[in-house]
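Asks: So that we are looking at the same thing, I have put the structure below in C-alpha cells.
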Amino acid sequence: MNQSQQSRQSVLDQIQLACERVQRDPASVQLLAVSKTHPSQSLREMYQAGQRSFGENYLQEALTKIDELQDLEIEWHFIGHVQRNKTKHLAEKFDWVHGVDRLIIAERLSSQRMDSRKPLNICIQVNIDGQDSKDGCQPDEVAELVKQISQLPNIRLRGLMVIPAPENSVAFADAKTLFEQVKSLHARPQDWDTLSMGMSGDLDAAIAAGSTMVRVGTALFGARDYHH
Ligand SMILES: *Cc1c(COP(=O)(O)O)cnc(C)c1O
C-alpha cells in the first residue's frame, strides 16, 4: 500500500472501531477528506486510493484544484466561511456547502445554482458552544432557518455543521439534540440526514454522539504547511 492508501485505511479503521463501540453501522458515517493547503497531486493520489469527497476552505485555492482535477469524479464540499460576494462560485462549482449561517446566503446560493444541475446540498453551521468566532448562527436561530431554507428551490438542506472547541464533547451531544429537534420543521424531512462534525482529533467522540460525516485533514494528508 502507498502512503495515501495507508492513511486512508487507518482513518477508515478508526471510524469503524468508533462505530462498533457505540453499535452504529460504519456505513452511516461518511469520510470527507479535507484537503486545504495540499496540492492537487495529493488529492489525485487520495482519489486513486478510493476517496471521492473532498472538502476545501479557501475559494481561490479550491477553484484551481477543481480545474486541475476535472478528469476525476470528485464530490466537492466547501467547508470554509461563506462570504456573501463568493456565493456564485460556490453555487456553480461545488456539490455541498457546509458553512451557511444566514438566510441571505442560502437564497443567493439557490438563485445562483443552475437549474440544469442537481440541487446544491447545504448544511447550516451552528455556533453550538458559544465561541467568540463570528462563524455559525446561534442555536436558537436554527429552527427558523430550517423552515425557510428547506423551501428554497435548487437547494437540498441536509443538516447541521459544527466546529466545537477542542475537547468539548458535550457540544457534540448538543448538536445531535438540536439536529433531532428541528427535523420536523423541514419542508422535506427525508432530506435532513447529515450531521457534519468531528475532525482528526475528535472523530471518535463525534461519532459516539451521532456524527454522520467526519471532516478529516491532518490524519489523511499529514500536517498542513501554510507558508509556501
Ligand atoms: C481544516 C478543517 C478540518 C480538518 O481538520 P483536521 O484537524 O486537519 O482533521 C475540518 N473541518 C473544518 C471546518 C476545517 O476547517
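The values are calculated or read from the model by the stated rules, or taken from the named source; none is laboratory data. A quick note: this is a predicted structure, and the numbers were derived from the prediction, not measured. Neighbour counts are summed over all protein chains in view; Cβ atoms, including those assigned to glycine, are modelled from backbone coordinates with ideal geometry. Ligands, DNA and RNA are stripped out before the accessible areas are found, and what is left, the full protein with its side chains, is counted by its heavy atoms. Shrake-Rupley method; radii C 1.70, N 1.55, O 1.52, S 1.80 Å.
Asks: What distance in nm separates the two pseudo spin-label positions at GLN5 and GLU107, each 7 Å out from Cα along the beta-carbon direction?
Replies: 5.1 nm
Asks: Under DSSP H, which helices of the chain have Cα atoms covering 15 Å or more of the helix axis and a Kyte-Doolittle average no less than 0.0? Walk me through the intermediate numbers first.
Replies: On the way: long enough: 3-21 (27 Å, -0.99); 169-182 (20 Å, 0.52).
Span-like helices in the chain: 169-182.
Asks: At GLU73 and GLN151, where each label point lies 7 Å from the Cα along Cα→Cβ, what is the point-to-point distance in nanometres?
Replies: In this crude spin-label approximation the distance works out to 3.7 nm.
Asks: Kirkwood hydrodynamic radius (Cα pairs, Å) of the range 45-146?
Replies: Details: mean 1/r = 0.0690 Å⁻¹.
Evaluated on the range 45-146, it is 14.5 Å.
Asks: Could I ask something else about it? Sorted by mean Cβ packing within 10 Å, highest first, what order do the peptides 175-183, 45-53 take? It would help to have the intermediate numbers written out before the result.
Replies: Working: 175-183: 18.6, 45-53: 16.8.
Those peptides, ordered most packed to least, come out 175-183, 45-53.
Asks: Another question, then. Could you give the length gained by full extension between GLN23 and GLN41, i.e. 0.36 nm per residue of separation minus their alpha carbon distance, to one decimal place?
Replies: Values: separation 18, 0.36 × 18 = 6.48 nm, distance 3.65 nm.
Value of the extension gain: 2.8 nm.
Asks: Tell me which residues come under 5 Å, amide H to amide H, from LEU157 once H is placed; ignore anything under 5 positions away on its chain.
Replies: Result for LEU157 returns ILE122.
Asks: Going down the list LYS36/LYS86; LYS93/LYS183; LYS93/LYS147; LYS86/LYS183; LYS65/LYS176; LYS86/LYS134, which pairs span over 24 Å between their C-alpha atoms? Can you show the working numbers first?
Replies: Details: LYS36/LYS86 17 Å; LYS93/LYS183 28 Å; LYS93/LYS147 26 Å; LYS86/LYS183 29 Å; LYS65/LYS176 33 Å; LYS86/LYS134 18 Å.
Checking Cα-Cα distances, LYS93/LYS183; LYS93/LYS147; LYS86/LYS183; LYS65/LYS176 exceed 24 Å.
Asks: Tabulate in residue order the Karplus-calculated ³J(HN,Hα) for the range 85-90, using 6.51 cos²θ - 1.76 cosθ + 1.60 with θ = phi - 60°, rounded to whole Hz; enter x for Gly and Pro.
Replies: 7, 10, 5, 5, 4, 5
Asks: OK, next. Which ³J(HN,Hα) values, rounded to whole Hz and listed in residue order, are derived for the range 73-79 from phi using the Karplus coefficients 6.51, -1.76 and 1.60 in 6.51 cos²θ - 1.76 cosθ + 1.60 with θ = phi - 60°, glycine and proline given as x?
Replies: Using θ = phi - 60°, the values come out as 8, 8, 9, 9, 10, 9, 10 Hz.
Asks: Please state, rounded to one decimal and in Å, the Kirkwood hydrodynamic radius that the chain gives when every pair of distinct Cα atoms enters the mean of 1/r.
Replies: Details: mean 1/r = 0.0562 Å⁻¹.
Result for the chain, one decimal place: 17.8 Å.
Asks: What is the distance in Å between the Cα centroid of the range 165-228 and that of the range 2-38?
Replies: The range 165-228 and the range 2-38 have Cα centres separated by 13 Å.
Asks: Using the basic label-point model (7 angstrom from Cα toward the beta carbon), what is the ALA223 to LYS86 distance in nanometres?
Replies: 2.6 nm
Asks: Show the residues, 5+ positions off or on another chain, whose built amide H is closer than 5 Å to the amide H of GLN125.
Replies: VAL100, ASP101, CYS137, MET161
Asks: Sticking with this structure for a sec: Per residue, what accessible area does the chain have, given a 1.4 Å probe and all protein chains present, in Å²? Mind dumping the intermediate values first?
Replies: On the way: 10910 Å² over 228 residues.
Per-residue value: 48 Å².
Asks: So what is the calculated 222 nm ellipticity per residue for the chain, using -39500 (n - 2.57) for each DSSP H run with n of 4 or more, over all residues, to the nearest 500 deg cm²/dmol?
Replies: Calculated mean residue ellipticity at 222 nm is -11000 deg cm²/dmol.
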